[in-house]
Amino acid sequence: MASVARFMRTIRVSEFGKSDVLKLLTDAPVPSPGEKQVLIRVHACGINPVDTYIRAGAYARKPSLPYTPGSDVSGVVEEVGQNVTAFKKGDRVFTTSTITGGYAEYTVASEETVYQLPKQLSFKQGAAISVPYFTAFRALFQKAHGKAGEVVLIHGASGGVGIAACQIARAYGFKVFGTAGSPEGLNLVLQNGAHQAFNHREKDYIEKIQEAAGAEGVNVILEMLSNVNLSNDLKLLSYGGRVVIVGCRGSIEINPRDTMAKESSIIGVSLFSSTKDEWKEAAAALYGGMESGWLKPLIGPEYPLEKAPQAHEDIIQTSGATGKMIFVL
Ligand code: NAP
């Protein structure tokens with residue numbers, strides 16, 4: 001009667017370190033869901049930069065070892081715990097978190113972090129929703145308090161969070177500027193909602209953004225690489241402008257004076273600090289986007305599970321992003 005395989009393929013990390021600590025197991029036991037949990041047959045799983053920081057042991061939130069990385073899966077419900085009412089076997093779903101890890105053929109997630117995957121979206125797209133879209137929504141609305149009609153610069157718009165931010169900002173009536181580091185990335189940024197795209201590898205691109213924004217400047221900047229760009233961002237902002245620190249991989253010198261005359265703000269964002277109500281608010285807004293069709297995750301490089309070490313190298317080292325990196329199982 002049991003339809004679930006007893007063993008599965010999964011990635012297991014037994015010590016923090018370089019990408020080669022991501023080991024493929026082929027005979028891990030399939031986990032069982034608790035009372036308010038759901039067992040999902042994983043079809044795809046998002047690969048996020050944060051997975052690499054956690055694996056390296058360099059992140060504030062450290063899982064106990066051994067563990068399986070991955071929070072953003074999509075797939076089909078295989079089994080539900082006895083107190084789960086919102087899901088049943090066979091439902092297409094995606095998650096914003098998992099309990100047993102998403103880099104695996106099966107994962108268990110708490111029912112409150114599982115969402116129905118609308119039929120318009122493929123499993124691959126389902127694996128590209130959680131961290132990218134919830135972060136972009138949080139940065140733009142819950143942190144920057146952005147408003148329709150404002151100019152938003154998505155500084156690093158060609159990756160997972162950036163493409164999500166372009167689609168959200170365009171749908172909500174912002175004037176959208178995005179940057180990318182390759183011709184292909186620039187095209188994708190334009191196709192996904194940006195009114196104008198700029199190449200952050202060109203020497204004079206900041207002047208070009210300044211010119212496009214005009215005398216008023218940019219109201220909101222969603223910054224993916226603050227350690228490189230924060231000083232320039234402060235110069236691009238309008239009066240009352242806000243720069244939201246989404247990504248940062250080191251330190252940078254800024255002149256705090258650059259915030260004074262324009263009374264501008266530098267705001268940090270951490271998706272995992274969202275309250276339950278904030279998750280709910282973001283989910284409702286993003287669901288609207290899935291149903292009405294503007295939320296369309298763009299899939300970039302795809303990897304099989306056994307290439308996990310390569311995927312972790314690529315997401316940090318490779319330039320020229322073209323959307324969301326995922327595992328396909
Ligand atoms: P990703 O898919 O790897 O994309 C990285 C982006 O950064 C690409 O668009 C890339 O453009 C761009 N980039 C490269 N050099 C740049 C430069 N000099 N200036 C501006 N952008 C540049 O990563 P992601 O998933 O979108 O995440 C982006 C960052 O946000 C990561 O650092 C991640 O850790 C962080 N993040 C933070 C939170 C949070 O809660 N704070 C949540 C999610 C993600 P090209 O490749 O085209 O050059």
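The values are calculated or read from the model by the stated rules, or taken from the named source; none is laboratory data. This structure is a prediction, so every number in the text was calculated from the model and none was measured. Quick reminder, even Gly has a Cβ in these numbers, built from the backbone with ideal geometry, and neighbours come from all protein chains shown. Quick note on the areas: whole protein, heavy atoms, side chains included, nothing else; ligands and nucleic acids left out. Shrake-Rupley method; radii C 1.70, N 1.55, O 1.52, S 1.80 Å.
For Thr107, the criteria (1) more than 17 Å from the chain's Cα centre (by Cα); (2) under 30 Å from Gly17 (Cβ atoms); (3) among the polar types (S, T, N, Q); (4) surrounded by fewer than 21 Cβ atoms within 10 Å (Cβ to Cβ) hold in every case but one, which is (4).
The set of residues from the range 4-22 being of a type in the set (A, V, I, L, M, F, W, C) and either open to solvent by less than 60 Å² (accessible area, probe 1.4 Å) or closer than 19 Å to Val50 by Cα (or both) comprises Val4, Ala5, Met8, Ile11, Val13, Phe16, Val21, Leu22. Of the residues making up the range 296-319, just one is open to solvent by less than 30 Å² (accessible area, probe 1.4 Å) and either modelled with pLDDT under 95 or near the ligand (Cβ under 10 Å from one of its atoms) (or both), namely Gly300.
In the range 23-41, the count of residues that are under 22 Å from the mean Cα position of the chain (by Cα), closer than 26 Å to Val84 by Cβ and open to solvent by 60 Å² or more (accessible area, probe 1.4 Å) is one or more.
For every residue, the table says whether it meets (1) in contact (Cβ under 8 Å) with a residue 60 or more places away in the chain; (2) out of contact with any strand residue (DSSP E or B) (no Cβ under 6 Å at 6 or more places or on another chain).
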position	(1), (2)
Leu234	no, yes
Thr259	no, yes
Ile267	yes, no
Ile316	yes, yes
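Residue check: Tyr115 meets all listed conditions (1) over 18 Å from the mean Cα position of the chain (by Cα); (2) in a strand (DSSP E or B); (3) in contact (Cβ under 8 Å) with a residue 60 or more places away in the chain but one, namely (1).
On the basis of being touching a Lys or Arg at 6+ places or on another chain (Cβ under 8 Å) and more than 16 Å from the ligand (Cβ to nearest atom), does Pro29 make the cut?
Working: touching a Lys or Arg at 6+ places or on another chain (Cβ under 8 Å): yes; more than 16 Å from the ligand (Cβ to nearest atom): yes.
So Pro29 fits the description; yes.
Could you tell me whether any residue of the range 284-298 is in contact with a Ser or Thr (Cβ under 9 Å, 6 or more places away or on another chain) and outside any loop (DSSP other than H, G, I, E, B)? Taking every residue of the range 284-298 in turn, none turns out to be in contact with a Ser or Thr (Cβ under 9 Å, 6 or more places away or on another chain) and outside any loop (DSSP other than H, G, I, E, B).
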